[in-house]
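Following: one structure in structure tokens, then a few remarks.
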Amino acid sequence: MSENFLWGSATASYQCEGAWDEGGRVPSLWDIYLHKNNLEHGDNASNHYHCYKEDIRMMKEGGHKSYRFSLSWPRIIKNKEGEINPEGVKFYHNIIDECLKNGIEPFVTIFHWDLPQYWEDEGGWTKREVCDAYVDFAKVCFQEFGQKVKYWTTFNEPRYYVFSGYLIGNYPPGLNDIPKTIEASFYMMLANAKTVQLFKRLGINGKIGIVHSYSPVYGVDNSLETKIAMRKADNYFNNWILDTAIIGEPPMDMLATLNKKYDLSYMKEEDFNIIRENTVDFIGLNYYARALIKPYTSGESIFRINNEGKKAKGTSKVVVKGWFEQVFDNPNSQYNEWDMEIFPEGLHEGIMRAYKKYRIPIYITENGTAFYEDVAGVDSVNDQGRIHFLNSHINAILQAIEDGAEVLGYYVWSTMDLYSWKNGYEKRYGLIGVDFENNYERKPKASYYWYKKVCETNGDIIERSNF
Ligand code: NOJ
């Protein structure tokens, strides 16, 4: 195990910062959508904007070598004209400086879902103009922080973001619109390539990648029908991000299918040239669960996600008409309260598949599990379930490294309890508990102390087992 392995944890701007209207920040599409629909929001989130020093000190004391966080576009750029907000820029300089002072490597995500509302008003990611504005925003970030930050990623989970916002409709802008889903996907992947191009042109001394919500695809059996469904599901879940960003070519069988039904004429030859020539240096994989697939049988497409928790087995349902169906009730599987299967083998297998196919370095940029936990009533949450989950997943990574994969870092999701989008604050992922009712008091959980030992021994205390 390399001594340079980056052990860390991760957050995202909207989910932890709070201070939604402080320091010159303008609204993001989440602020407007959540306020308008009277939903639980991230106005104060975990109050990281005010507590970042304490949080980074706890990372250091917790053995962390790296911190993955995102830059908030609406905090940095005030308007469509691209006016910079100096206070916002200063805030991220402070975070980065604090990390460096504490020996913690900043691992920066440029976009973790908080699009400024002024761009949403123009049509958001379905517009080429927004794709170009993103690249301008990235340029400001490179120019400001490029001397200090060595690890950059363009997007966090473009697939999850686009599908939730444009196809499933449970995230803003809340649409069920296939043509817009394809458009937004395309412009995000084009923005990724254009940003990689810019990064290289500016000669930033560092590496740039993309973070993907990785769902390794498994089939219910070995039949040909299942294999065909698996290929379609792999395109849907993984290939259109990973092939496009790493090989420089989207899955053509998928594009051919879509092209028969939808107008894709906005995808220009010069766009594909940019995509082909500007591929990423590494991949960040966020791993929570595999996707278990069976062939499509009948009926319309269904996209239903369990945002309620409470062991609502059966709530989640994904059917993509003519393509595949996803299985959420395998009798041999274990699920958490939100219908997420607990399947560490999938992480080992997923890393091996990705490494054999793409041959570039991998960081596990998110991994973790959620529980309902009573933080207010105790000094420290004894989250043995999380320790068990993390141990089994880190074991999977260690095994993949032994099997030859180049995995260079691991980030627990999340550093502290935070705002879990439509799942609100009840869905807790943190190594550090946050008492949201009592001054955002930080209370390290048992997993925080356990993970400290993992970081400090470079993984030696992980209980090992074979799959
Ligand atoms: C992935 C996302 O990047 C993050 O924002 C989210 O909260 C976690 N998964 C947990 O669902």
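Worth pointing out:
- Restricting 343, 371 to residues that are open to solvent by 40 Å² or more (accessible area, probe 1.4 Å) and touching a residue at least 12 places away in the same chain (Cβ under 8 Å) narrows the list to 371.
- Flag not set for residue 226, criterion: without any contact (Cβ under 8 Å) to a residue 24 or more places away in the chain and closer than 16 Å to residue 320 by Cβ.
- Total residues in the range 106-124 satisfying the condition of being touching a Lys or Arg at 6+ places or on another chain (Cβ under 6 Å) and open to solvent by 10 Å² or more (accessible area, probe 1.4 Å): the figure is 1.
- Selection from the range 320-340 of residues that are part of a loop (DSSP other than H, G, I, E, B), crowded, with 21+ Cβ neighbours inside 10 Å and touching a residue at least 40 places away in the same chain (Cβ under 8 Å): 338
- Every condition in (1) surrounded by 19 or more Cβ atoms within 10 Å (Cβ to Cβ); (2) outside any helix (DSSP H, G or I) holds for residue 379 except the one numbered (1).
- Hey, residue 423 of a type in the set (S, T, N, Q) and either within 22 Å of residue 66 (Cβ to Cβ) or without any contact (Cβ under 8 Å) to a residue 40 or more places away in the chain (or both) or not: no
- Take the conditions (1) within 16 Å of the ligand (Cβ to nearest atom); (2) open to solvent by 10 Å² or more (accessible area, probe 1.4 Å); residue 355 misses just one of them, which is (1).
- Condition check for residue 234: open to solvent by 10 Å² or more (accessible area, probe 1.4 Å), closer than 18 Å to residue 361 by Cα, modelled with pLDDT of 95 or more and in a helix (DSSP H, G or I): no
- Those helices (runs of 4 or more DSSP H) of the range 1-90 in which 3 or more residues are more than 15 Å from the ligand (Cβ to nearest atom) occupy 29-36, 48-61, 73-76.
- Here residue 275 fits the description: within 25 Å of the chain's Cα centre (by Cα), more than 16 Å from the ligand (Cβ to nearest atom), assigned to a helix (DSSP H, G or I) and crowded, with 21+ Cβ neighbours inside 10 Å.
- Of the criteria (1) within 17 Å of residue 9 (Cα to Cα); (2) open to solvent by less than 10 Å² (accessible area, probe 1.4 Å); (3) over 17 Å from the mean Cα position of the chain (by Cα); (4) not charged (D, E, K, R), which one residue 410 fails: (3)
- Scanning the range 91-114 for residues being in contact with a strand residue (DSSP E or B) (Cβ under 6 Å, 6 or more places away or on another chain) and either within 16 Å of the ligand (Cβ to nearest atom) or within 15 Å of residue 14 (Cα to Cα) (or both) gives a total of 7.
- Single residue of 329, 281 found to be modelled with pLDDT of 95 or more and either at negative phi or among the hydroxyl-bearing types (Ser, Thr, Tyr) (or both): 281
- Residues satisfying the stated conditions in the range 49-74, i.e. aromatic (Phe, Trp, Tyr) and open to solvent by 10 Å² or more (accessible area, probe 1.4 Å): 49, 52
- The range 145-198, subset of a type in the set (D, E, K, R) and within 20 Å of residue 422 (Cβ to Cβ), residue nearest to the ligand (Cβ to nearest atom): 157
- Looking across 176, 222, 192, one residue alone is of a type outside the set (A, V, I, L, M, F, W, C) and buried (at least 24 other Cβ atoms within 10 Å of the Cβ). It is 192.
- Enumeration of residues in the range 358-375 that are within 18 Å of residue 436 (Cα to Cα) and either modelled with pLDDT under 95 or within 16 Å of the ligand (Cβ to nearest atom) (or both): 370, 371, 372, 373
- Restricting attention to the range 77-104, the residues that are in contact (Cβ under 8 Å) with a residue 60 or more places away in the chain and open to solvent by less than 40 Å² (accessible area, probe 1.4 Å) add up to 5.
- Residue in the range 250-257 that is in a loop (DSSP other than H, G, I, E, B) and open to solvent by less than 30 Å² (accessible area, probe 1.4 Å) present: yes
- Output for the range 201-238, where each listed residue is within 16 Å of the ligand (Cβ to nearest atom) and aromatic (Phe, Trp, Tyr): 214, 237
The values are calculated or read from the model by the stated rules, or taken from the named source; none is laboratory data. What you see is a predicted model, and the numbers here were worked out from it, not measured in a lab. Cβ coordinates were reconstructed from backbone atoms using ideal geometry, including for glycine residues, and neighbour counts include every protein chain displayed. To get the accessible areas, we keep the full protein, side chains included, count just its heavy atoms, and leave off ligands, DNA and RNA. Shrake-Rupley method; radii C 1.70, N 1.55, O 1.52, S 1.80 Å.
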